[in-house]
Amino acid sequence: MSRKIRRLPRKARLPKAKLSPEGQQASISLMPPRIVKMRSDARAFAGQGRTSSSTKFSVVGHDRCEIAESQHPDHNSSFPDDASTSECGPSPVSIAADFASTAETIASQQDRSAALEFLRTHTIPNDLGNLAATDLRLWGDLAFTAGMNEEAVNIFLRLIQLEPNTYWAFFQMGRLNFQQEDYPGAASMLSKAASLSHNAAGPWYELSRLYFRQRNIAELKKAVIGFAAADREALTGEQANVLSAIAHFLFERKLRNEPLQLYSLLIDSGVLDSSIQIRCAECLIAANQFNAAVDMLEPLRQTNTIADWGLRSLALAYAGLGKLELAAAILAEIIERSPSNIHYLRFRLRLLCQLGDRDAIARLMQTAHSNLGEKEYQDIRITELVLCADYTALVELLRNYPGYGSAAIERELMSAISGAVHQKKEFQAAAALAAHFLARFGNNIKVLLNLMSAAFATRNWHLAKLSLATASEQDFRSNLELRLKRFEFYCFTGALDQAQVALKDLEPLSELPKKRLTAVLRYYAEIGDWSALYQLGMETLDAEFNFERSGYLIFRAVRKTGMHMQAKRQIETIGDFDAMPALKRLRSIIIEDMIQNGHMLEDLIGDPHLADLPALHQRLLFKKLVLQRRKKAGAAAKRFAIYYCTNVNYLGPTFVSLASLVENNRDLVECSDIFIIADSGSREFAKVISAKVSKKYQVNVQLAEFAGVDVDLKAKYGLFTAGHSLVPAAYFRIFFAKELQRQNRYEGALYIDSDTIIRASLYELFESRPPFPLMARLEVPRPEIDMAIAMNDLEPGRYFNSGVLFFDLKHPEIGAALDKTIQAVQQSRQTLVYHDQCALNIGFRGQFFPLEAKFNHFVKPEDEAPISDGAIIHFLDRPKPWDPAYSGKFCGLWFAHWHKLAIKIGGGEAMKLYNLSNRE
């Protein structure tokens, strides 16, 4: 028997499609007849269900499927051959050969009444099990069009059994479930359809409608992306309205990529609506496609068919292209019409600040003052100060008027705090702004992190401690940056036991961002765990490796652990390492550090992967000269004492500095005794080199026998130095000065640090006699110096560097000042941040005269400034110029003097001195 037509209950029928209130508000009449017309075949999405066919069947209920009857003569078609097969009598349509085409026309036109009439005359077979897949599709689509959902469900379920890998039946089942508001079932079926045919637009479109109705943004975004990537089909007016509503919905939720896909599709389909074009342009701007946005909006501006908000978008696009004047001019036009719109005022203010047009800014602020309410004007005044980076004025304003502005200034203040810390380095202003923010708006992790950055930069550990105390344990658990700050705080304040605990909260360390590992590497250096530093450091070596951030630390770990060959091989296993300058640099200095003879040097010079670093090439050139040449020289010998203090690591630099002194101060050397005070570990080799220098330079170099002092000398710095410490020999400058004063043999004594080069005459220094027992250069202000001054109750701005010291040994106060210095060494260990230097500043408080900068000319590794005025060049910080890790501009200066020394004492001795200098 054949099935009779049975109508479903009214509630089961497909309701008339309506947009939600949100969709209706967002939607407009997008597809008037002149833009989109329903074609007679009315085909919409999803043409991928076709097989090879001669008969097509198009279904439109937002989708189409083309199927074919089999051409095989034995095909068991369920379609009737003529009208007599109908229980209802002859059909009003031609049935035999035209059956499929007639059914296709009915379905494609979504003609429900025609479908019902057709099925009255051509009943659905009762036994679905005997039907072929092509017949099932046709009957199912007819039942779907007629609203016979129960029959359609049965047919499509049967079709799924026959063709589980064909998307069409799943697609239609999804639509049926959607009609019945079975949303989970619909999502399951439509997702399956989409997975079986990614290029079919129909399943993605229906999924988009489904998730839009549910307001499921996460899934809606995926569906929209799938729909945009599918094959393009002609849109109906209803579909265009649905898609525009979805695009607006996503746009209004601050999304830009997915709306751009839909807006572009609508515009390509001929939808000419300014709101869609403007929003599409805003999406293009968000994607930095500024030219495309201008091309879309500029024609509307030329034809005066764009509103102010669209002009604002056009200005934004021009600003993105760097055409700030044009963008500002467009905004001026808008503001003239809408002078009370704070958004337009703020945007133009931002442009004017970028242009630096102070007059225009003043005029705009006057417009704002005349047209805005009090709080809005205060908001834009704060914006002005933030954009102009006038943080001092902003701090003063908020200090005088704590409630200035509305809650809208929160973002502006956050921007100001970040700018003060990271761009302007105005740390005090940043701290004041952060304090105001936290008091007014409550805790904010970003502000807290910026406040701690300001505290770290100024070495204000009290403020850093208070800031950390403000954060909750939940804050620490949820924020890696906060945990890192806590770890660094303990490191910098010397609380290494607590730092060890804080380090565990950062584990696993291998998962930390590479740029955050530097603090951990410095910690390992501080505690002397070079193996851990080496292991972790080598894990950071990849294409993103930054030598300036951690290369020197890793190099020191290689040196300390003796893992030169292993490190070199590991670098060479990194793919394309030769194209990575940082890795080439690390590899080159590791190899250089292994050089023991001329053969090894030649191998490195000929290495095709040698880093192209001027300092490296200078070192290699002079090393080559030293190892290849032997030369003779001569020189000469006394009223003053000149002395150096050293250990085995600084023995080489000591003699290099001494050689440069002799070469540029022959007259001074003739009337001076030169002393080298070496510790016990370097004394024997120092004797050998001293003898050679004395002979070759004809100068009286005496190796002082210094028994040391009966006191525990502090070697660790009072701050975080990544494992560097001072050798006790550095304190000898104090005790030997006292010895010279006791002997009462010399008028004056000059102490010179080993990391120096003397380039000019020092006659002026020796002959000047200010009324003080000491001359020393003032330090350059920086947070660490401020900390040393505060801890030792010294006068701000009166803290000197101890690298070059001239003692007036005949001054009546010299003995007492040296005694106070020695007392500080013995009794003030906890406050000696800079060891002997702090002790000297304590002992000679108010008893020294500032030395001219040229007699202690500071040079840091990163400095580029000329040194022409420097008589004594003092290489501050690490690495030093003899270190393979040094890449400073003045590497060649030091090596040139080393080369000269080598000519005098012999290449072998010079290389031994050099190698001893690179063990730290």
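The values are calculated or read from the model by the stated rules, or taken from the named source; none is laboratory data. This structure is a prediction, so every number in the text was calculated from the model and none was measured. Using ideal geometry, Cβ is built from the backbone for each residue, glycine included, and neighbour counts are taken over all protein chains shown. What goes into the accessible areas is simple: the full protein's heavy atoms, side chains included, and nothing from ligands, DNA or RNA. Shrake-Rupley method; radii C 1.70, N 1.55, O 1.52, S 1.80 Å.
For the set MET787, MET563, the ranking by accessible area, highest first and with no ligand, DNA or RNA atoms included, is MET563, MET787 under a 1.4 Å probe. Measuring with a 1.4 angstrom probe and ignoring ligands and nucleic acids, SER113 comes out at about 80 Å² accessible. With q set to 0.21, 0.22, 0.28 Å⁻¹, the log10 of I(q)/I(0) for region 354-420, from the Debye formula over equal scatterers at the Cα positions, is -0.91, -0.99, -1.35.
Working note: Karplus 6.51/-1.76/1.60 with θ = phi - 60° gives region 140-151 the couplings x, 5, 5, 5, 4, 5, 6, x, 8, 5, 5, 5 Hz, where Gly and Pro are set to x. Put simply, when 672-679, 318-325 are sorted by average Cβ atoms within 10 angstrom per residue, most first, you get 672-679, 318-325. Of the residues CYS280, CYS353, the one with the largest accessible area comes first in the ranking CYS353, CYS280, computed with a 1.4 Å probe on protein heavy atoms.
In terms of its C-alpha gyration tensor, region 257-329 comes out oblate, because a/c is 1.5 or above while a/b does not outweigh b/c. Charge tally for GLU548 (other residues, Cβ to Cβ under 12 Å; Lys, Arg +1; Asp, Glu -1): +2.
Given a 1.4 angstrom probe, I'd like the percentage of the accessible area of the chain that is carbon and sulfur, rounded to a whole number.
On the way: 19690 of 39900 Å².
With neighbouring chains kept in place, the figure for the chain is 49 percent.
Ordering 119-132, 250-263 by mean Cβ neighbour count within 10 Å, with the highest value first, yields 250-263, 119-132. Would you mind estimating how fast region 350-505 diffuses translationally, via Stokes-Einstein at 10 °C and 1.306 mPa s with the Kirkwood radius over Cα pairs, in µm²/s? In µm²/s, the coefficient is 94. In terms of overall dimensions, the C-alpha atoms belonging to region 761-820 reach 35, 29, 16 Å along their principal axes, ordered largest to smallest. Think of it as helices only: each DSSP H run of n ≥ 4 in the chain is worth -39500 (n - 2.57), and spread over all residues that comes to -17000 deg cm²/dmol at 222 nm. Based on the convex hull around the alpha carbon atoms, region 87-243 presents an average projected area of 9.8 nm². With only the Cα atoms considered, region 811-876 has a convex hull volume of 105 Å³ per residue.
Work through the residues other than GLN566 whose Cβ is under 14 Å from its Cβ and net out their charges, Lys, Arg +1 and Asp, Glu -1. Once all neighbours under 14 Å are counted, the net charge is +2. Summarising the overall dimensions of region 166-222 from its C-alpha atoms, the Rg and Dmax are 10.0, 29 angstrom.
Hey, could you grab the Kirkwood Rh for region 734-845? Inverse mean 1/r over distinct alpha carbon pairs, Å, one decimal. Please list the in-between numbers first.
Values: mean 1/r = 0.0682 Å⁻¹.
That comes to 14.7 Å for region 734-845.
A straight line joining the Cα centroids of region 110-176 and region 439-495 runs 67 Å.
Roughly what percent of Cα-Cα pairs across region 309-376 reach past 19 Å? Please report the intermediate quantities before stating the final value.
Working: 575 of 2278 pairs.
The calculated P(r) of region 309-376 puts 25 percent of pairs beyond 19 Å.
Quick check on region 463-587: take the gyration tensor over C-alpha atoms, sort the square-rooted eigenvalues as a ≥ b ≥ c, and tell me if it's rounded (a/c under 1.5), prolate or oblate. In terms of gyration-tensor shape, prolate.
Over all pairs of different C-alpha atoms in region 843-920, the reciprocal of the mean inverse distance, the Kirkwood hydrodynamic radius, equals 14.4 Å.
Over region 841-912, accessible surface divided per residue gives 34 Å², non-protein components excluded, 1.4 Å probe. Think of a 1.4 Å ball rolled over the protein heavy atoms: region 364-500 then has 47 Å² of accessible area per residue. Near ASN918: Cβ cut-off under 14 Å, other residues only, Lys/Arg at +1 and Asp/Glu at -1. The net charge is +4.
State whether region 463-518 is rounded, prolate or oblate according to the following rule on the C-alpha gyration tensor (a ≥ b ≥ c being the square roots of its eigenvalues): a/c under 1.5 gives rounded; otherwise a/b larger than b/c gives prolate, and the remaining case gives oblate. Don't jump to the answer; show the numbers that get you there.
On the way: a/c = 1.75, a/b = 1.21, b/c = 1.44.
Here region 463-518 falls in the oblate category.
Taking all protein chains as shown and a probe of 1.4 angstrom, PHE640 keeps an accessible surface of around 0 Å².
Taking every DSSP bridge with both residues inside the chain, close to 40 percent are antiparallel.
Using only alpha-carbon positions, what ratio does the radius of gyration of region 425-510 give when scaled by 2.2 N^0.38 Å? Provide the component values of the computation, followed by the final result.
On the way: Rg = 12.8 Å, N = 86, 2.2 N^0.38 = 12.0 Å.
Relative to the rule-of-thumb radius for its length, region 425-510 sits at 1.07.
Take MET296: with every protein chain present and a 1.4 Å probe, its accessible area is about 40 Å².
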